[in-house]
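Taken together, the values in this text are just the output of simple stated rules run on the coordinates, not laboratory data. Fair warning: this is a prediction, and the values are worked out from it, not measured in the lab. All Cβ positions, even for glycine, are placed from backbone atoms using ideal geometry, and neighbour counts span all protein chains on display.
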Amino acid sequence: MEYLLTDSGVANPHAHVRSGGHLVITYFPGSVDENDHIRPGSFPGAFSELLGVQMEEFFPLRAGDGLELSRFGDASFWSELGQPTTAEVLAEVVRGPVLGVLCEDAGVEPLLRNLPEDVEVARRSKDSTDWTFFINHSSEGVQLPVSGLELISGQDLGGAPDLGAGAVAVVRSPINPSVTS
């Protein structure tokens, strides 16, 4: 599949699929127009809607690195981070270095370990105070590994307070740079 496609070059594969045909897509399909201008919308450019995916980032793999997939073998050349919009997910990354390598190279570590991936957390600090922000995007409550004053409710938290499904919390506490439990 071509990286650079005219509008008619994009229309042809769309028409082929609409008429019942099959289409094989590799990386960077239809990302730019004939003038090498990036197409508007999410990656993969002109084929995002047709494929039913929105890609957020792409990661060429380093020589010798690979990704273990849940099906279809391993990936050794290319990977992408994205979300299905209408596509059915057939395989997922089970293990691999991409995110870990990027974070390791940048010196990034989790702010708080052992939180479900659906819990967003950010921390701001000034002088001797931390403000930790939590958003629970999941449909279940989670226990937070923090203590301090929850500023929205005014509740003094101790132990492992519960953050309900869809809930938000802002916790003020003394700075503790070693908190990564």
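Observations, loosely collected:
- With 0.36 nm allotted per residue and the present C-alpha distance subtracted, the Trp131-Ser42 stretch has 28.7 nm of extension available.
- Of the GluC sites (Glu not before Pro) found in the stretch 16-60, those that fall in a DSSP loop while having at most 14 other beta-carbon atoms within 10 Å are Glu34.
- In the chain, a dipole from Cβ-located charges (positive for Lys and Arg, negative for Asp and Glu) runs towards its positive end, and of Pro13, Gly164, Pro110 it is Gly164 whose Cα lies farthest in that direction.
- Summed side-chain charge close to Val94 - residues other than Val94 whose Cβ falls under 11 Å, Lys, Arg +1, Asp, Glu -1: -1
- Backbone HN-Hα couplings from phi across the stretch 66-78 [Karplus 6.51/-1.76/1.60, Hz, Gly and Pro as x]: x, 10, 7, 9, 5, 8, 6, x, 10, 9, 10, 10, 8
- Arranged from fewest to most other beta-carbon atoms within 10 Å of their beta carbon, Ile152, Ile175 become Ile152, Ile175.
- Here the dipole of the stretch 7-106 is about 300 debye; that uses its Cα centre as origin and unit charges on the Cβ of Lys and Arg (positive) and Asp and Glu (negative).
- Tilt relative to the chain, helix 7-18 - C-alpha long axis, 0 to 90 degrees, to 10: 90
- Gain on full stretching of the segment that runs from Leu4 to Ala91 - 0.36 nm per residue minus C-alpha separation: 28.5 nm
- Dipole axis of the stretch 28-74 (+1 Lys, Arg; -1 Asp, Glu on Cβ), positive-most option in Gln54, Ser42, Val32: Gln54
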